[in-house]
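Shown next, in C-alpha cells, is the structure this report addresses.
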Amino acid sequence: MMVLIVGLILFLGLHLLPTSPELRDSLKERVGEVPYRIIFSLLSIAGLAIIILGFHKLQLHPGKNPILWDPPVWTRHLAVGLMLPAMILLVAAAIPSRIRTAAKHPMLAAIKIWALAHLLANGDLGGILLFGSFLAFAVYDRISVKRRGARGPLGNASPASPVNDAIVVVLGIALYAALLLGGHQWLIGVSPMPQLAPAL
C-alpha cells in the first residue's frame, strides 16, 4: 500500500505545480526552462511507474488490500462502457479536432471519466485510494485551469476538419479495444473481461 501512496504523492503532487503559476515560474527561474521540463517529465514517469507497480502488487497480494464494499455486476458493465468515451477524449487531447474544442480540456475529462468508472467497479482500499485521488485531482485541476485561463497543450489550435474528428474516434476505439483485449491485463495485472462473464 505504501508504494502506491508514495507514487500518488509524487505524481499528483508534481502535477499540482502548474496550478500555482507563481511557484512554477519560480522553479523555472532557479533551474531553467529546459531542465525544469526534463526534471518534471522524468519525475512524472517515475511517479506513474511507482503507482502502477504499487497497484499491481496489491492485486497480487489481496491480503494487503482489504475489500471495503462489493460492487454489483452492473457497475462493472457501466465502467467498461464509460471507458470508451474516456479513451476517445484521451486521444482528443493530442489532436486538434471539434471534439477537443467542445470538451475544452479533454485530458481532464478523460481522467474524470476513467477514475469514476473504476471507482464504480472497485471496492478495494487500493482501488478507492488510487481512483479517488485521481478523480479529486482532476476536479481540482479543472477548476484551476478555468480560473487561470489555461488552454491546454495544444493552445489555440484550430478545430480542424471533420477528418480529424474521425481520426480521434478511430484511434480512441483502437486504444479501448487494445486495453480491453489484453493491454489492461499486461499493464495492471487485471483483466476487465472476466467481469463481464456473469451477464453473458
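Read-outs throughout are calculated quantities, based only on the coordinates presented, and are distinct from any laboratory measurement. None of the values given here were measured: they were computed from a predicted structure. Here the Cβ positions follow ideal geometry from the backbone for every residue, glycine too, while neighbour counts run over all protein chains shown.
Helix-derived [θ] at 222 nm for the chain: sum -39500 (n - 2.57) over DSSP H runs of at least 4, divide by residue count, nearest 500? The helix contribution divided over the chain gives -23500 deg cm²/dmol.
Per 0.36 nm of contour for each residue apart, how much would the distance between Ala94 and Gln59 grow if the chain were fully extended, relative to their Cα-Cα spacing? Walk me through the numbers on the way to the answer.
Values: separation 35, 0.36 × 35 = 12.60 nm, distance 3.13 nm.
9.5 nm is the gain from fully extending Ala94 to Gln59.
Computed over the chain, the quotient of the alpha carbon radius of gyration and 2.2 N^0.38 Å is 1.10.
If R0 is 30 Å, the Cβ-Cβ spacing of Ser44 and Ile67 corresponds to a FRET efficiency of close to 0.45. Membrane-span-like helices in the chain, defined purely by DSSP H runs whose alpha carbon atoms cover 27 Å or more axially and whose average Kyte-Doolittle hydropathy reaches -0.5, are 33-60, 73-92, 125-148. Computed from label points 7 Å out along Cα-Cβ, the spacing between Glu29 and Met2 is 3.8 nm.
Taking the average, over residues, of other Cβ atoms within 10 Å as the packing measure, peptides 16-26, 90-100, 54-64 rank 90-100, 54-64, 16-26 from highest down. Cβ-Cβ distance of Ser191 and Arg37, R₀ of 45 Å, FRET efficiency by 1/(1 + (r/R0)^6): the value works out to about 0.80.
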